[in-house]
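Here is the structure we will look at, set down as structure tokens.
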Amino acid sequence: MNCRSTATALLLLLAWVGHAHAQQARLTDEQMLGVVFVANQAEIAAGNLALHKTRSASLQAFARRIVAEHGQVNQEIVALTQAFGTQPQRSATSDASMRQSADDLARLDEISSYDFDEAYLDRESVYLQRLVNTVDDYIRSTGSADVRTLLIRARPSYILHLDQARRLKLTIGSPGLKR
């Protein structure tokens, strides 16, 4: 009976993932840009919080880079959508991302300075991996060469940030390493 319950749960999970993926595939180019814009805003907000809460020089450098590079991508998104004569559009996906980001920031803000670095890097690892996956999906599904180009150009910095977050996570708490 336990095996049957597990199989049923896995089927439901696969159906949910397939449904979520199908909904993402139906986003317009402006909605896709809206999702990426919101994700960048979340990264900027988390980076700014890190700049205020961490005492780690390496984490401050990482947060400054996050703020600058995600801000640059958002400027490019605004410029591109203005060239289209529109703006990044909201969607259920971007609204959910906004809510998740607000919850994440509230949790991070409550964490003591001592525990902040590890919690921030945990959040970054999860959030940036999700962002890379989302950008990969949008690169495949966008109908616009301009949107695809913007996403392809932004993707390496997201991957670099993810790698840096994972590497910093390994050094946090390691004796003898300069924080």
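The values are calculated or read from the model by the stated rules, or taken from the named source; none is laboratory data. Since the structure is predicted, the reported quantities are computational estimates derived from the model, not experimental observations. Cβ: placed from backbone, ideal geometry, glycine included. Neighbour counts: every protein chain shown.
Residue-wise test of (1) under 13 Å from V35 (Cα atoms); (2) at pLDDT below 95.
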position	(1), (2)
R99	yes, no
L121	no, no
D137	yes, no
D146	no, no
R167	no, no
K178	no, yes
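Being of a type in the set (F, W, Y), at pLDDT below 95 and over 21 Å from Q129 (Cβ atoms), is that true of even one residue in segment 84-92? Within segment 84-92, one or more residues are of a type in the set (F, W, Y), at pLDDT below 95 and over 21 Å from Q129 (Cβ atoms).
If I ask for residues that are of a type outside the set (S, T, Y) and either outside any helix (DSSP H, G or I) or in contact with a strand residue (DSSP E or B) (Cβ under 7 Å, 6 or more places away or on another chain) (or both), which ones from segment 68-113 would you list? The answer is G85, Q87, P88, Q89, R90, I111. Scanning segment 140-166 for residues that are surrounded by 17 or more Cβ atoms within 10 Å (Cβ to Cβ) and in contact with a Leu (Cβ under 8 Å, 6 or more places away or on another chain) returns T142, V147, L150, Y158, H161, L162, A165. Here segment 114-144 is the region considered, the condition is being β-branched (V, I, T) and either in a helix (DSSP H, G or I) or within 10 Å of the chain's Cα centre (by Cα) (or both), and the residue that is farthest from L27 (Cα to Cα) is V126.
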